[in-house]
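Just below is one structure, and these are the notes that go with it.
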Amino acid sequence: MMKEVKEAFLFVFSYHFWRMGLWSIALVYSYLQLHKARIFGSIYKARLFGSKYTPISGSIDPKIRSSRPICVITGATSGLGKATAFVLAEKGFHVILVGRSSQLLSETLEEIKSKNKDAQLKSFQVDMSSFESIFKFKSSLEQWLSDAELHPSIQILVNNAGIMAISSRPTTEGYDRMIATNYVGPFCLTKLLLPLLKNSSVPSRVVNVTSFTHRYASIGKFDKDSVSGVHTSTLNKYPYARAYEYSKLCLLLFSYELHRQLRLTDDSHHVSVIAADPGFAKTKIMREYPTYITAMAFLGFKTLGLLQTPEEGAESIVDAALAPPEISGAYYFGGKGRTIESSKVSRDLKLGQQLWETSCDLLNELQHLHHNN
Ligand SMILES: NC(=O)c1ccc[n+]([C@@H]2O[C@H](COP(=O)([O-])OP(=O)(O)OC[C@H]3O[C@@H](n4cnc5c(N)ncnc54)[C@H](OP(=O)(O)O)[C@@H]3O)[C@@H](O)[C@H]2O)c1
């Protein structure tokens, strides 16, 4: 008991606990931007696939069945990912649920099916912090598309899986687990699934689920140790708040850099990239925190009128997924198809390129390791 009281005391009086308090200011700032946007009326209402799915058509091998557009959602077994899966299944997508627990995956599949008999679903067990697991997923997905005689493409990838860790736990590759799950994993998965997105006969899209907390992240320069989180995890005290902000800023810099790269190389502007910020939603994201801290956070945000249900939080993700195909490089926040500006640092071209190059080097190393095993 004394040990728990001491731990609680140390937690509440730690620098990182109070840093998290600042996140509410970033959230309020984002909502203020929404009010500003309302004045200028920048609302996008159109939908990429309309309210129901459009069968893929065009020059597809007739032996391959025309089908519903396919949407891959990571972290689909809880909170925002699960709420997004419900909506996109309802909109007529064939939803690929990606999660780390096979039990939770089958429960989620059953839950969606029980509410929507028409839902087309498939699940894959993938650990987004393990590159071995991500590589395997790519092969399994391609195999499944082929076995099911579906067109070898996907239409939407939602990188939603994420954690808020409070201690450093290295992955098998020696990376920091939170940075690996929230950034390096989604980077690798996107790069590996890009050929399937490019192969789509209708415009396709990557949606990266980031966070308002990115506004506090500060970055000097990127190198392999910082991007893999090795540097962070070897610090005396694990800077959990800073590491979370950092992972979300990386995901955002990556989103904009991928958007730029695709605009430069893809003449047809076929694959678009959008960041989605759900605001603050009552999910299991703070599961590692002491329960009294989570309760305090929920109460604080509720008092401010900023606490949302997972369904409300998922609105910005759904908006990003269904936005018109010409929209790319945007930051969706607040639902109702609204966008705001992310931080100035997140738009830094040089940082974006540096992160891109470092991340590509890491991916090459990981692929090399994978092939040699
Ligand atoms: N909730 C918020 O207020 C908020 C605000 C801003 C941004 N976000 C972001 O929104 C995303 C979704 O979070 P949430 O709030 O819905 O939290 P959540 O309820 O904890 O859901 C997180 C999901 O990610 C999955 N996941 C975690 N680690 C994984 C791994 N290594 N491999 C595969 N899947 C993994 C979890 O799987 P299990 O079910 O097996 O645990 C779960 O399905 C995260 O990226 C988070 O950073 C959330």
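The values are calculated or read from the model by the stated rules, or taken from the named source; none is laboratory data. Just so it is clear, the model here is predicted, and its values are computed rather than measured. Glycine gets a Cβ as well: all are built from the backbone with ideal geometry, and neighbour counts include every protein chain shown. In case anyone asks, the SASA skips ligands and DNA or RNA and just uses the protein heavy atoms, side chains included. Shrake-Rupley method; radii C 1.70, N 1.55, O 1.52, S 1.80 Å.
Check each of the trypsin sites (Lys or Arg not before Pro) in region 198-273 and keep only those in coil by DSSP with at most 10 other C-beta atoms within 10 angstrom; list them in order. In loop regions of region 198-273 (DSSP not H, G, I, E or B), the sparsely surrounded trypsin sites (Lys or Arg not before Pro) are Lys221, Lys237. Ordering Ser343, Ile274, Pro69 by the projection of their Cα atoms onto the charge dipole of the chain, which places +1 on the Cβ of Lys and Arg and -1 on the Cβ of Asp and Glu, puts Ser343 at the extreme positive end. Rounded to the nearest 10 square angstrom, Lys3 shows an accessible area of 150 square angstrom against a 1.4 Å probe. Ligands, DNA and RNA excluded, the heavy atoms of Lys36 present near 130 Å² of accessible surface to a 1.4 Å solvent probe. In this structure Glu110 has an accessible area near 120 Å², from a 1.4 Å probe over the protein heavy atoms. Expressed to the nearest 5 percent, the antiparallel share of DSSP beta bridges inside the chain is 10 percent. Could you tell me how many degrees, from 0 to 90 and to the nearest 10, lie between the Cα long axis of helix 240-265 and the main elongation axis, the longest principal axis, of the Cα atoms of the chain? Tilt relative to the chain: about 30 degrees.
Counting only alpha carbon atoms, the long axis of helix 79-90 and the longest principal axis of the chain meet at about 20°.
For region 211-307, a crude dipole built from +1 on the beta carbon of Lys and Arg and -1 on the beta carbon of Asp and Glu, taken about the Cα centre, is about 400 debye to the nearest 20. The dipole here belongs to region 106-182: it is taken about the Cα centre, uses +1 on the Cβ of Lys and Arg and -1 on the Cβ of Asp and Glu, and is about 160 debye.
I'd like the distance separating the alpha-carbon centroids of region 132-162 and region 163-241, in whole Å. When both Cα centres are located, 20 Å separates them. Computed over region 194-307, the P(r) tail beyond 22 angstrom holds 51 percent of alpha carbon pairs. Across the chain the C-alpha pair distances fall into 20 Å bins from zero in the proportions 29, 60, 10, 0 percent. When the Cα convex hull of region 223-268 is projected onto planes of every orientation, the mean area is 3.7 nm². Taking amide H as placed 1.01 Å from N in the peptide plane, Ala281 has its amide H under 5 Å from the amide H of Gln308, each at least 5 places away in sequence or on another chain.
Can you give the translational diffusion coefficient of region 129-253 in µm²/s, computed by Stokes-Einstein from the Kirkwood radius over Cα pairs at 4 °C and 1.567 mPa s? Calculated translational D: 83 µm²/s. Axis of helix 291-303 versus longest Cα principal axis of the chain: the two differ by about 80°, to the nearest ten degrees.
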